[in-house]
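Report on the structure given below.
The values are calculated or read from the model by the stated rules, or taken from the named source; none is laboratory data. None of these values were measured; they are calculated from a predicted model. No Cβ is skipped: glycine too gets one built from the backbone with ideal geometry, and neighbour counts run over all protein chains shown. Accessible surface is based on the protein model in full, side chains and every heavy atom, while ligands, DNA and RNA are left aside. Shrake-Rupley method; radii C 1.70, N 1.55, O 1.52, S 1.80 Å.
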Amino acid sequence: MRRRSFLSMISVPLLLEACSGGPFYFIQMADTQIGMIEGGKNGNNFRAESRILEKVYEDINAMTPKPAFMVVCGDLTNLPGHALQIQEYRRLADMLDPEIRLCNVPGNHDFKGSCDHANLSFYRQTYGPDRYSFDHGGWHFVALNSHLIKFSEKCPEEAVSQLDWCREDLMNAAKEKGTIVFMHHPFFDNDIAEEDGYHNIPADQRHKWLDLFAANNVKAVFSGHRHTTIPEHEYRGVALVNTNAICNSFDKKPGLRIVGLLKDGVRQSFIPRDTIPVDVSMLAKKV
């Protein structure tokens, strides 16, 4: 059986940057969270997520035309460092058509507690870089570690390093079409002025990052984490789109997002898990 390399994010730019500049689409989902539905202290029961994702990946493989890539916005497993859950995530990832690149983004469940050096090292050794960027079809894509943004005081040097890296990356990115950002936590649920909470990015970080995005031609930020449906927002021309969980949705509305990069900009649509289309040619033009 072929094995996807979970260090392959390092090579993503080389794999994608040479593609043509025509319209294309990608798949964004969040919170596969292997082992969450049935829970249990040992974390060894993840049959529910396995059945769900086997069908979802089968549906994605059948899509025509094929998506350029698929992004999972964090909480890849439920218990960080759980060997069997990680092994199952890998097995399921191997089901994807090898022509569909898999891009992992870290979530809070992918770290053993705070984002300290040891836990960052574990994630990077297991899944690859926790921040990276790549180009495809004339667009620029950036994946961020939002756990470092939310808990910047826990590992300040890494938080500053990520911010500096992102600022330089965005400044040097091609500007003709724009940039798409992927992260786990949404910046806020309902209002940019809302109080800090478990789900959102702290207020002192929201404007800093969003102003950076707005000043550097970021067209959209896609996130997860909420396991429920929250409103889409817009900040200085930056679309803020949060996607419900693909497996354990708290409001019973699981699904994924089809995102089209077209001549007139970004078009996206949330697709319920049980109605994933095969023919995406028309949908990709309308999303």
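This table checks each residue for (1) touching a residue at least 24 places away in the same chain (Cβ under 8 Å); (2) in a strand (DSSP E or B); (3) within 20 Å of Ser223 (Cα to Cα); (4) not small (Gly, Ala, Ser).
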site: Leu92; (1), (2), (3), (4): yes, no, no, yes
site: Asn104; (1), (2), (3), (4): yes, yes, yes, yes
site: Ser114; (1), (2), (3), (4): yes, no, yes, no
site: Gln162; (1), (2), (3), (4): yes, no, yes, yes
site: Leu170; (1), (2), (3), (4): yes, no, yes, yes
site: Ala174; (1), (2), (3), (4): yes, no, no, no
Based on this model, can you work out whether Asp279 counts as farther than 27 Å from Thr77 by Cβ and out of contact with any helix residue (DSSP H, G or I) (no Cβ under 6 Å at 6 or more places or on another chain)?
yes
Selected residue [charged (D, E, K, R), touching an Asp or Glu at 6+ places or on another chain (Cβ under 7 Å) and more than 17 Å from Val241 (Cα to Cα)] from Lys154, Lys150
Lys154
Is the range 60-77 home to any residue that is closer than 15 Å to Tyr127 by Cβ, part of a loop (DSSP other than H, G, I, E, B), open to solvent by 10 Å² or more (accessible area, probe 1.4 Å) and modelled with pLDDT of 95 or more?
no
Collect the residues in the range 177-208 that are outside any loop (DSSP other than H, G, I, E, B) and buried (at least 22 other Cβ atoms within 10 Å of the Cβ), keeping them in residue-number order.
Thr179, Ile180, Val181, Phe182
Candidate set from the range 132-159 (those that are part of a loop (DSSP other than H, G, I, E, B) and surrounded by fewer than 22 Cβ atoms within 10 Å (Cβ to Cβ)); member that is farthest from the chain's Cα centre (by Cα):
Cys155
